Amino acid sequence: MEVNYDLTGRRALITGSSRGIGSAIALELARAGADIVLHCAKTKEKAELLREEIRSMGSRCEILIADLCDPKQTEALGDAMGDIDILVLNASLQIRKDWEEITTEEFYQQVNCNYLSSMILMQKAVPHMKAQGFGRIVTIGSVQEKKPHPQMMVYSSSKCAQTGLAMSLAAQLAPYGITVNNVAPGVIATDRNKEALADAAYAAQVAASIPAGFYGEKEDMAGIVRLLCSDAGRYITGASIYADGGKSL
């Protein structure tokens, strides 16, 4: 059997894909031949630059805007995306605060974005996947599923919930040719972490907690997702893969 990583003819939506890990995944899937639906929450300037890069590779690309903290906007995104073969649930919200100070509004913002939106978009995407006998769903989790940051209680617990959703669906959808997996990044040098890692003492402490001794780059996530979305990954489902330099150990 020939190992095949090609995604030509497939159509993929990657949430939160105008920057960071999501943008790297979008580019990698486009390199594999997939047509891409980019998603961003508000302004689309960065997404437009990425769209041009993807189109230059020969893939089709469009941009959809939705605030996933709002379930109604998530529903609208699911309707607007149309039939997709690959769903990568990457968008998330972190509110860094001591647990005693978290408001109910902040709780629901994170849960809606990090968990509820995943379920809604799965509900929208799966009927087409079932009908064609092929589908790939990848949730992007976090090393905090195993090692939660003390100031990100809701974020880390919502990521655990998202992975639980993926594991439940993996068993239910496998007979239809649909795989469902989770990829959990560790400390990745993205815009989200730029401010925190600018503190030299804190950055040294974080690096010391990673057995590999260095932060990951957003591209370190992209190859794993391409594998899981391709025919080469057809026998992988219900897996949670930590790409974290060993931090989860």
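The values are calculated or read from the model by the stated rules, or taken from the named source; none is laboratory data. Worth saying up front: this structure is predicted, and the values here are computed from it rather than measured. Glycine also receives a Cβ, built like all others from the backbone with ideal geometry; neighbour counts cover every protein chain displayed.
Using the structure shown, decide if A76 is closer than 23 Å to Y108 by Cβ, among the hydrophobic types (A, V, I, L, M, F, W, C), assigned to a helix (DSSP H, G or I) and without any contact (Cβ under 8 Å) to a residue 60 or more places away in the chain.
It is true that A76 is closer than 23 Å to Y108 by Cβ, among the hydrophobic types (A, V, I, L, M, F, W, C), assigned to a helix (DSSP H, G or I) and without any contact (Cβ under 8 Å) to a residue 60 or more places away in the chain.
Of all residues in the range 84-105, which are out of contact with any Gly (no Cβ under 8 Å at 6 or more places or on another chain) and closer than 19 Å to H149 by Cα?
Matches in the range 84-105: L93, Q94, I95, R96, K97, D98, W99, E100, E101, I102, T103.
Go through the range 86-125 and give me each residue that's outside any helix (DSSP H, G or I) and under 19 Å from M167 (Cα atoms).
I86, L87, V88, L89, N90, A91, S92
Determine which member of the set L68, L38 is of a type outside the set (G, A, S), free of Cβ contacts under 8 Å to residues at least 40 places away in the same chain and buried (at least 21 other Cβ atoms within 10 Å of the Cβ).
Testing whether each residue is of a type outside the set (G, A, S), free of Cβ contacts under 8 Å to residues at least 40 places away in the same chain and buried (at least 21 other Cβ atoms within 10 Å of the Cβ) leaves just L38.
Residue by residue through the range 188-203, note down the ones that are surrounded by 11 or more Cβ atoms within 10 Å (Cβ to Cβ) and either of a type outside the set (S, T, Y) or under 23 Å from A91 (Cα atoms) (or both).
Within the range 188-203, I188, A189, T190, R192, N193, A196, L197, D199, A203 qualify.
Could you look through the range 40-73, keep only residues that are outside any helix (DSSP H, G or I) and among the acidic types (D, E), and pick out the one that is farthest from S240 (Cα to Cα)?
Among them, the one singled out is E62.
Identify, from the list A204, A189, A200, the residue that is modelled with pLDDT under 90 and in contact with an Asp or Glu (Cβ under 8 Å, 6 or more places away or on another chain).
One residue alone meets the criteria, A189.
Would you confirm whether any residue within the range 131-142 is out of contact with any Ser or Thr (no Cβ under 6 Å at 6 or more places or on another chain) and charged (D, E, K, R)?
no
Being in contact with a helix residue (DSSP H, G or I) (Cβ under 6 Å, 6 or more places away or on another chain), more than 18 Å from A184 (Cβ to Cβ) and surrounded by 19 or more Cβ atoms within 10 Å (Cβ to Cβ), is that true of even one residue in the range 122-143?
Yes, some residue in the range 122-143 is in contact with a helix residue (DSSP H, G or I) (Cβ under 6 Å, 6 or more places away or on another chain), more than 18 Å from A184 (Cβ to Cβ) and surrounded by 19 or more Cβ atoms within 10 Å (Cβ to Cβ).
State all residues of the range 207-232 that are free of Cβ contacts under 8 Å to residues at least 60 places away in the same chain and buried (at least 18 other Cβ atoms within 10 Å of the Cβ); if no residue qualifies, say none.
I210, Y215, G216, D220, I224
Would you check which residues across the range 142-197 are among the small types (G, A, S) and either in a strand (DSSP E or B) or without any contact (Cβ under 8 Å) to a residue 12 or more places away in the chain (or both) and list them?
Across the range 142-197, the qualifying residues are S157, G164, S168, A184, A196.
Return the total of residues in the range 218-242 being in a loop (DSSP other than H, G, I, E, B), under 14 Å from I25 (Cβ atoms) and out of contact with any helix residue (DSSP H, G or I) (no Cβ under 8 Å at 6 or more places or on another chain).
Residues that pass the stated criteria total 1.
With the requirement that a residue be surrounded by fewer than 24 Cβ atoms within 10 Å (Cβ to Cβ) and not aliphatic (A, V, I, L, M), what does the range 144-161 give you?
Q144, E145, K146, K147, P148, H149, P150, Q151, Y155, S156, S157, C160
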